[in-house]
Amino acid sequence: MLSFEGVYRKRGGTFLADLIGDDPLDFWAGRFYVGVFGVTTIVATIIGIAVIALSIAAQGDGDLLRVTIGAPLRQYGLHFAPFYQGGNWEVITICAIVAFVSWALREVEICRKLDMGYHVPIMFSFAISAYVVLEVIRPLLLGCWCEGFDLGFTGHLTWVSNTGFKYMNFYLNPFHAYGVLGFFLTAMVLAMHGSAILGTYSTNADPNVETANVDNFWRDYIGYSIGELGIHVLGFWLAIYTLIMSDLCILTSGPWVKDWVEFWHFSIPWFH
Ligand code: 07D
């Protein structure tokens, strides 16, 4: 344990402690905080991986890039499918969601111990929302688990291509375009920030000079520096914007819009 870790490595402040007054899982295993949600993450992950392993073995295809665990067939609608006809996909999806949500709640408990804001779990929840929209909410709206994406490298890429072409030209989906814009902007801003910090940071320099140097670099280069806190606020909101656009992009395709080419065939009178 590092000297400062003792400050927050104290029992208490967990959901279970608030609920029943005690939390038997409120301890650390080496450097890892365990907690109720650490255990639920591990249990869901182990069950999920076991089902994935069984499914791969049943396909008899040792190539992990090729192996695919398909969503249930259309005939099963919103019901449980037989294990090797999509039931395995359903169990894996449940395990994945339990693991992701547990991971987010584990982040909340660590934030509470450190007396931090909840920015990390809030941000991660938006990433989880993309998965839940794709695998649960949109299939529910369309009345069939078969609308979820197939699991596996080639499987999910084939699904993205097929689903994209099903709605004619996915590039014409405005939310998709705004999502793509957000992913590229987020990557660019992170690259700018990361490279500026790496270019300035050195172990023996004065931290105040380093901060001033980053600001001076951007002011000299593009006339403006968003500042040390600002770049992190921008990253937070950019990522949230991007994931909301991604959610809308797939949520609208099917339940509301059948054809993104046709979607643009409206006319605004004063534009002619
Ligand atoms: C889903 C990740 C969530 C992650 C989580 C955490 C673990 C570890 C460990 C427990 C959202 C997982 C954690 C695994 C666990 C422990 C210990 C993030 C997610 C919860 N597209 N397109 C998108 C581009 C085309 C199509 C999104 C570009 C074509 C369809 C994004 C191009 C057609 C769908 C995007 C392009 C098409 C998308 C995906 C270029 C095909 C979607 C990223 C340059 C013909 C999907 C919500 C995303 C979507 C989606 C980008 C092209 C179809 C914006 C750059 C034209 C059908 N595309 N696309 O959202 O919106 O990540 O998903 O050509 O469904 Mg697209």
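The values are calculated or read from the model by the stated rules, or taken from the named source; none is laboratory data. Only a predicted model underlies this, so the values are computations on that prediction, with no experimental measurement involved. Because the Cβ atoms are built from the backbone with ideal geometry, glycine has one as well, and the counts that use them run over all protein chains shown. All accessible areas refer to the heavy atoms of the entire protein, side chains included, with ligands and DNA or RNA removed. Shrake-Rupley method; radii C 1.70, N 1.55, O 1.52, S 1.80 Å.
Assorted remarks:
- FRET efficiency estimate (nearest 0.05) - Cβ-Cβ, residue 43 to residue 112, R0 22 angstrom: 0.50
- Remark: C-alpha extents of segment 1-160 on the principal axes read 55, 35, 28 Å, sorted largest to smallest.
- Screening the chain for DSSP H helices whose Cα atoms reach 24 Å or more along their own axis and whose mean Kyte hydropathy is at least 0.0 gives 35-59, 87-114, 174-200, 228-252.
- q = 0.09, 0.13, 0.14 Å⁻¹: log10 I(q)/I(0) that the Debye formula gives for the chain, counting C-alpha atoms only: -0.63, -1.11, -1.18
- Pairwise Cα inverse-distance average, inverted: Kirkwood Rh of segment 131-186 (Å): 12.4 Å
- Each Lys and Arg Cβ is given +1 and each Asp and Glu Cβ -1; about its Cα centre, segment 141-272 then shows a dipole of about 340 debye.
- Radius 11 Å from Cβ of residue 135, net charge of other residues (Lys, Arg +1; Asp, Glu -1): -2
- Net +/- balance of residues flanking residue 25 in space, Cβ distance below 12 Å, scoring K and R +1, D and E -1: -2
- In this entry, segment 147-272 is assigned a mean projected area of 12.3 nm², taken as a quarter of its C-alpha convex hull surface.
- What the phi angles of segment 257-271 give under the Karplus curve with 6.51, -1.76 and 1.60, with θ = phi - 60°, is a coupling list of 10, 9, 8, 6, 6, 4, 3, 8, 8, 8, 10, 9, x, 6, 8 Hz, glycine and proline written as x.
- Label positions at residue 208 and residue 17, each projected 7 Å from the Cα along the C-beta direction, are separated by 3.8 nm.
- Environment charge at residue 169 (Cβ cut-off 14 Å; Lys +1, Arg +1, Asp -1, Glu -1): 0
- Share of carbon and sulfur in the accessible heavy-atom surface of segment 1-160 [1.4 Å probe, %]: 72 percent
- Other-chain or far-sequence residues with amide H under 5 Å of residue 69's (modelled H): 151, 152
- Multiplying the residue separation of residue 85 and residue 59 by 0.36 nm and subtracting their alpha-carbon distance yields 8.2 nm.
- Among the protein heavy atoms of segment 167-272, carbon and sulfur supply 70% of the accessible surface, probe 1.4 Å, non-protein parts ignored.
- Relative contact order [Cα under 8 Å, 6+ residues apart], the chain, whole percent: 20 percent
- Student exercise, segment 1-160 dipole from Lys, Arg, Asp, Glu Cβ charges, in Debye to nearest 20: 160 debye
- FRET efficiency, 1/(1 + (r/R0)^6) with R0 41 Å, evaluated for residue 264 and residue 140 via beta carbons: 0.90
- Charged side chains reduced to their Cβ positions (Lys and Arg at +1, Asp and Glu at -1) give the chain a dipole of some 340 debye around its Cα centre.
- 1.4 Å probe accessible area per residue over the chain, in Å²: 61 Å²
- A crude spin-label estimate for the pair residue 228 and residue 183, with each label 7 Å from Cα along the Cβ direction, gives 3.3 nm.
- The sum of -39500 (n - 2.57) across all DSSP H runs of n ≥ 4, divided by the residue count of the chain, sets its helix-only mean residue ellipticity at 222 nm to -20000 deg cm²/dmol.
- When the chain is described by a simple charge dipole with +1 on each Lys and Arg Cβ and -1 on each Asp and Glu Cβ, the residue from 87, 48, 132 located farthest towards its positive end is 87.
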